[in-house]
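Working notes, structure below.
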Amino acid sequence: MCLRTRTPRFEVLFDSTRPVLTGTTSEYSFSSLDSRDYGTISLMMPLADTVWIVDQAKTLGFDLCGVVRAEQFPELQRMPEWLARGYAGEMKYLADPRRCDAQTAMPGIRSAIVGLLNYNTARPLSTDPVPHGENGKPKGWISRYAWGDDYHDVLQERLDALMESLREHFTGPFEARAYVDTGPVQERVLAKYAGLGWLGKNTLLLNQALGSFFFLGVILTTLDLEPTLGTNELPPPDLCGTCRRCLDACPTQAFVEPYVMDARKCISYLTIELRGSIPEEFREPMGNHVFGCDICQDVCPWNRRAPIATIPQFQARVFPPAEEDLTSTSLPPQAESFYLPRLEWLLGLSEVDFRELFRGSPVKRTKWRGLVRNTCIALGNSGLRRGTADHSRVSDLLNRLAGSGDQVLAESARWALSRIE
């Protein structure tokens, strides 16, 4: 049920001279003491519009949906202090002042519609002991949200469809804009006050039934919609309790304190947003991560029984063996996957290969240079042993990069070599 703080059947009472609206989300009726006709539902019952929006969002594939008015929420007011501490690192876009006040994110904004889409999988966790995969070959970890197609595109398609439905439903003029990590909005804060969950100690939105492996998309609009949380209703309570698993499990100790992250230490930031060299103090703690990190979610108890997503676009991409593998006599042909990809395969990708394989993938954000840099660090942590065929081939690739004119790649490759030789 999307409106998690309300029952699916509701009854709203007015004074004795006005009508009573009763019914379910799909059936409504008017009644009054003198049985007069009081017009349309949309004029008399704003909540009916919100219920319709939530139902429409679920029809379009969202797992949950909520509506909230654009207000100055407490979490947004703490943003300047967080920025002043330098916790945003190189993410300068987070300093956009519109992120501190939802009322300034769009001219004339009145409401925000938040859609939630589950991407959880049944695959093993990043915390499982599989550092080398099968046959002892070093494998890397790509965050599960990036195993399939780009979530920006998947969510944007659903949000565009929902906006089209809004234009058909509401006859008056209004404006609406859809964002998927692309606008000056704090999706998690809006989602909290739309009743979709609470902000956990790992700074992510948590939902009691769905855990945290989900995406958020937002529609900002000038429509004055009734919020899914009533006037006297609070957001879902914080159910993290005394648990510290996410805080203690972070290899780089990115959490300054519960609910506060120094993004500069986060493995997701280091492997995706940072453009220069990985600070040496974080290289060993990064382990085999080459894009993103799921550790603080993998250890979260609320994700233990979270439902599994069935959306085809979020399933791990698998590639057939390359032609040279098919004709090789020394190596068996191998399919490649974004789930635990072979580090040797990633290190050997050219820029052309990268653009082709990661087209329509979130991984393209780190660019070829970033992925190769991250792969060097992961290989340095792989424990690859001298005297093996794998070690010989990987060393050749790393030596080639060590002579590169790109100082970031060259230095990263030399660090990896120093660790496996």
### Proximal lysines to residue 92, defined as alpha-carbon separation beneath 19 angstrom and excluding residues fewer than eight positions away on the same chain
265, 367
### Query
Per residue and in Å³, how big is the convex hull formed by the alpha-carbon atoms of the stretch 211-283?
163 Å³
### Task
Rank-order 102-111, 399-408 by packing density, defined as the average count of other C-beta atoms within 10 Å over each peptide's residues, highest first.
102-111, 399-408
### Task
Return the distance in nm (one decimal) between the two label points of a simple spin-label model at residue 231 and residue 316, each offset 7 Å from Cα along Cα→Cβ.
5.3 nm
### FRET efficiency, residue 153 to residue 59 (Cβ-Cβ, R0 30 Å, nearest 0.05)
0.90
### Task
Using only protein heavy atoms and a 1.4 Å probe, report how much of residue 157 is accessible, in Å² to the nearest 10.
120 Å²
### Query
How do 193, 259 rank by accessible surface area computed with a 1.4 Å probe, from largest to smallest?
259, 193
### Task
Return the whole-Å distance between the Cα centroid of the stretch 251-292 and the Cα centroid of the stretch 375-406.
22 Å
### Summary
Per the 1/(1 + (r/R0)^6) rule, R0 = 35 Å and r from the Cβ atoms of residue 103 and residue 171, FRET efficiency to 0.05 is 0.85
### Summary
Once amide hydrogens are built 1.01 Å from N within the peptide plane, the residues lying 5 or more places from residue 214 or on another chain with amide H under 5 Å from its amide H are 119
#### Entry: Ratio of the Cα radius of gyration of the stretch 247-307 to 2.2 N^0.38 Å, where N counts its residues
1.16
### Task
State the volume of the convex hull built on the alpha-carbon positions of the stretch 327-421, expressed per residue in Å³ and rounded to an integer.
111 Å³
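The values are calculated or read from the model by the stated rules, or taken from the named source; none is laboratory data. Because the structure is predicted, anything quoted here is derived from the model rather than measured. All Cβ positions, even for glycine, are placed from backbone atoms using ideal geometry, and neighbour counts span all protein chains on display. Just so you know, the surface numbers come from the protein's heavy atoms only, side chains and all, with ligands and any DNA or RNA stripped out. Shrake-Rupley method; radii C 1.70, N 1.55, O 1.52, S 1.80 Å.
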